[in-house]
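Novice: A single structure is presented below for examination.
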Amino acid sequence: MFSKRREFAISPPEAGNRVANPSGQQIPSIDLNMSGQPRDEEAQKVNLFHQREPENEEFDDDKPKIWNKTVKHWPVISQPLSLLVIFLLMWGVGYSVVPQYTSPDSPFMRMVFLFIGGQTCGILVSFVGLPDMLGMIGWGVFYRNIGLGTFVGLQGLEAILRELALVNIMLLAGLGLDLDALRKLFGMVMKITLIPTAAETVIVAVLAVFLFQMPWLWGFLLGLVVTAVSPNVVISILLQLKEQRLGLNKGIHTLIIAMTSCNDVIAIFCFGVVLGVIFSSGNLTDQLLQGPIGIVLGLVAGFGMGVFLTLMPSNKSTYSTGLRVATIVLAGVLGVVGSKAIGYPSAGALSCIVVSFVAGTGWRKKHAREAADVTTYLDLMWKFMKPISFSMIGKEVAFNLLEGETVLYGFVVLIVGVLVRVVFAYASLLGGKLNWKEKAYVTISSCPKATVQAALGPVALDLARKMDSSGETLAFANQVLIVSVLAITATAPLGALLMTKLAPSWLKRSPPATMDANGATADRF
């Protein structure tokens with residue numbers, strides 16, 4: 001039950017920063033560098049914010065089994081419980097200062113209870129070996145359908161929280177990209193992005209035309225909504241696999257992240273073009289140019305800010321890590337909200353990935369510990385944003401919107417579309433260095449749908465209502481929304497479950513990372 005005490009040696013850069021006491025001994029000063037790095041080589045291999053296995057698994061047989069099991073998993077359980085306590089403490093402060101806004105029946109507190117309930121359900125679900133995001137999504141679905149999911153007057157805050165969660169996960173994705181692996185896998189990334197995306201979009205469009213009696217443009221609009229892969233689900237699972245050291249070989253994580261990002265950029269761009277043609281908002285030339293211009297803007301803005309972060313602040317600055325974290329998060333938020341403000345939404349998520357990818361690559365070349373430090377704090381931020389993100393995804397599932405025939409046909413469209421994607425995705429990986437299990441795992445990772453569907457699903461319906469469109473147009477837009485809800489309900493939990501359960505048997509577990517002189521680990525995403 002008791003682990004051995006560890007002695008932490010002071011690293012050379014900090015050896016000179018000591019305070020002498022009267023006895024002549026030197027006491028190390030408090031580290032204000034916000035680096036979050038342990039002091040000795042052994043401890044550097046352990047991420048303080050990641051899940052860890054207990055060092056001593058010898059338990060007392062006289063104690064109840066539930067006690068021994070709790071002790072064994074306490075390092076895992078204690079993190080989300082700590083977040084719950086933080087939430088409660090924040091509420092206590094708010095209720096003490098502004099009780100009129102933080103009473104339990106206020107819209108703000110209903111939103112807070114959505115997140116607290118999501119975190120709690122995530123903990124409970126993890127007890128039975130399932131991904132915690134399933135509990136978070138399930139709580140969101142329950143919350144919406146008992147009438148508590150409407151936050152009157154807080155739509156702006158809700159939108160900001162959605163964007164912040166997306167920014168957080170995309171920044172982590174960019175930091176996880178490996179430049180060398182990306183160069184080697186570029187051809188494979190293009191194949192597994194373009195071929196399955198085109199195949200799924202086309203088959204969904206064909207089925208929509210014949211089952212829903214939609215015009216072809218509406219069919220392709222539905223196909224583009226359905227084909228987008230959820231970065232929140234996929235990258236969240238990859239973060240868990242990284243903690244377990246699964247799939248770090250052969251650039252599998254980089255391949256999945258790049259595939260997910262490129263897929264979403266293409267789907268969102270084409271969706272905007274088709275939507276513009278359907279509702280004739282602006283001329284066709286402007287609509288066709290919007291996507292490429294947005295991509296260029298995202299690349300330029302992300303690259304420029306990424307280069308800035310590699311130069312400033314200096315790695316010798318006392319608070320360099322804190323300044324980098326604040327700058328990169330604000331740059332990501334500005335990229336997402338700013339791109340929407342200027343009318344090029346496809347630039348936002350792309351700029352987040354590019355800025356963190358460029359900055360992370362530069363940091364690793366100069367002093368690899370800098371990238372690890374920033375990633376550590378973004379990981380911690382994701383612990384807070386995860387229940388917010390997935391409970392809000394579940395909140396989009398409203399059972400009163402579901403219609404019998406549309407639900408039946410919707411499931412047919414989704415099942416056939418996902419099966420076609422799986423076949424074409426696996427075929428596009430043939431000829432590479434991955435074995436069949438690794439190819440199958442990469443294929444499965446392209447199936448979860450949630451984040452983009454929650455964002456794009458209501459767009460056509462909102463636009464149809466705003467333009468006072470005909471009843472037929474409203475019906476088509478409503479069908480797009482219903483299928484989007486079904487996609488979230490069916491594929492996000494199932495995809496997360498498959499990715500979590502199949503990883504230990506289908507992916508190779510890498511040995512513990514080794515450190516170089518700069519504190520860099522031998523592996524990355």
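Novice: Hey, among the residues in segment 435-472 that are outside any helix (DSSP H, G or I), within 25 Å of the chain's Cα centre (by Cα) and among the polar types (S, T, N, Q), which one's surrounded by the most Cβ atoms within 10 Å (Cβ to Cβ)?
Specialist: In this case the residue turns out to be SER445.
Novice: Need at least 2 residues that are open to solvent by 80 Å² or more (accessible area, probe 1.4 Å) and at pLDDT 75 or above per element, so show me which helices (runs of 4 or more DSSP H) inside segment 30-119 make the cut, counting only ones lying wholly within it.
Specialist: The helices (runs of 4 or more DSSP H) meeting that bar are 65-97, 99-102.
To keep it simple, each residue is scored yes or no on (1) out of contact with any Leu (no Cβ under 9 Å at 6 or more places or on another chain); (2) within 23 Å of PRO458 (Cα to Cα).
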| site | (1), (2) |
| --- | --- |
| ARG369 | yes, no |
| THR376 | no, no |
| PRO387 | no, yes |
| SER391 | no, yes |
| LYS395 | no, yes |
| PHE399 | yes, yes |
| LEU402 | no, yes |
| VAL407 | no, yes |
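Novice: Collect the residues in segment 123-146 that are in contact with a Lys or Arg (Cβ under 8 Å, 6 or more places away or on another chain) and at pLDDT 85 or above, keeping them in residue-number order.
Specialist: The answer is MET136, GLY140, VAL141, TYR143, ARG144.
Novice: OK, next. Output the residues belonging to segment 159-180 that are open to solvent by 20 Å² or more (accessible area, probe 1.4 Å) and in a helix (DSSP H, G or I).
Specialist: ALA159, ILE160, LEU161, ARG162, GLU163, LEU164, LEU166, LEU179, ASP180
Novice: For segment 402-413, enumerate the residues that are at pLDDT 80 or above and surrounded by fewer than 21 Cβ atoms within 10 Å (Cβ to Cβ).
Specialist: Once the filter is applied, which keeps residues that are at pLDDT 80 or above and surrounded by fewer than 21 Cβ atoms within 10 Å (Cβ to Cβ), segment 402-413 yields GLU405, THR406, VAL407, LEU408, TYR409, PHE411, VAL412.
Novice: Any residue at all in segment 377-387 that's at pLDDT 90 or above and not hydroxyl-bearing (Ser, Thr, Tyr)?
Specialist: Scanning segment 377-387, I find no residue that is at pLDDT 90 or above and not hydroxyl-bearing (Ser, Thr, Tyr), so the answer is no.
Novice: Another question, if that's okay. If you check ILE203, ILE195, ILE146, which single one turns out to be without any contact (Cβ under 8 Å) to a residue 60 or more places away in the chain and open to solvent by 40 Å² or more (accessible area, probe 1.4 Å)?
Specialist: On inspection, the qualifying residue turns out to be ILE146.
Novice: Within the set of pairs 6+ apart or on separate chains, which have a first residue in segment 414-428 that is in contact (Cβ under 8 Å) with a residue 12 or more places away in the chain, a second that is open to solvent by 50 Å² or more (accessible area, probe 1.4 Å) and assigned to a helix (DSSP H, G or I), and C-beta atoms under 6 Å apart?
Specialist: Close Cβ pairs (under 6 Å, with a partner that is open to solvent by 50 Å² or more (accessible area, probe 1.4 Å) and assigned to a helix (DSSP H, G or I)) amount to PHE424/ILE195; SER428/LYS191; SER428/ILE195.
Novice: Where residues in segment 357-396 are more than 30 Å from ARG183 (Cβ to Cβ) and among the basic types (Lys, Arg), which of them is surrounded by the fewest Cβ atoms within 10 Å (Cβ to Cβ)?
Specialist: LYS383
Novice: Let me ask something else. Going by what's in this entry, would ALA208 be described as out of contact with any Cys (no Cβ under 6 Å at 6 or more places or on another chain) and under 18 Å from GLY272 (Cα atoms)?
Specialist: no
Novice: A follow-up question, please. Just one of (1) closer than 18 Å to GLY140 by Cβ; (2) open to solvent by less than 20 Å² (accessible area, probe 1.4 Å); (3) among the aromatic types (Phe, Trp, Tyr) trips up PHE399, so point out which.
Specialist: (2)
Novice: Which condition breaks for ALA341 when tested against (1) among the small types (Gly, Ala, Ser); (2) over 15 Å from the mean Cα position of the chain (by Cα); (3) surrounded by 23 or more Cβ atoms within 10 Å (Cβ to Cβ)?
Specialist: Among (1) among the small types (Gly, Ala, Ser); (2) over 15 Å from the mean Cα position of the chain (by Cα); (3) surrounded by 23 or more Cβ atoms within 10 Å (Cβ to Cβ), the lone unmet condition for ALA341 is (3).
Novice: Additional query: How many of the residues in segment 479-489 are open to solvent by 10 Å² or more (accessible area, probe 1.4 Å) and either of a type in the set (Phe, Trp, Tyr) or at pLDDT 85 or above (or both)?
Specialist: Result for segment 479-489: 1.
The values are calculated or read from the model by the stated rules, or taken from the named source; none is laboratory data. Keep in mind that what you see is a predicted model, and the values were worked out from it rather than measured. Because the Cβ atoms are built from the backbone with ideal geometry, glycine has one as well, and the counts that use them run over all protein chains shown. Ligands, DNA and RNA are stripped out before the accessible areas are found, and what is left, the full protein with its side chains, is counted by its heavy atoms. Shrake-Rupley method; radii C 1.70, N 1.55, O 1.52, S 1.80 Å.
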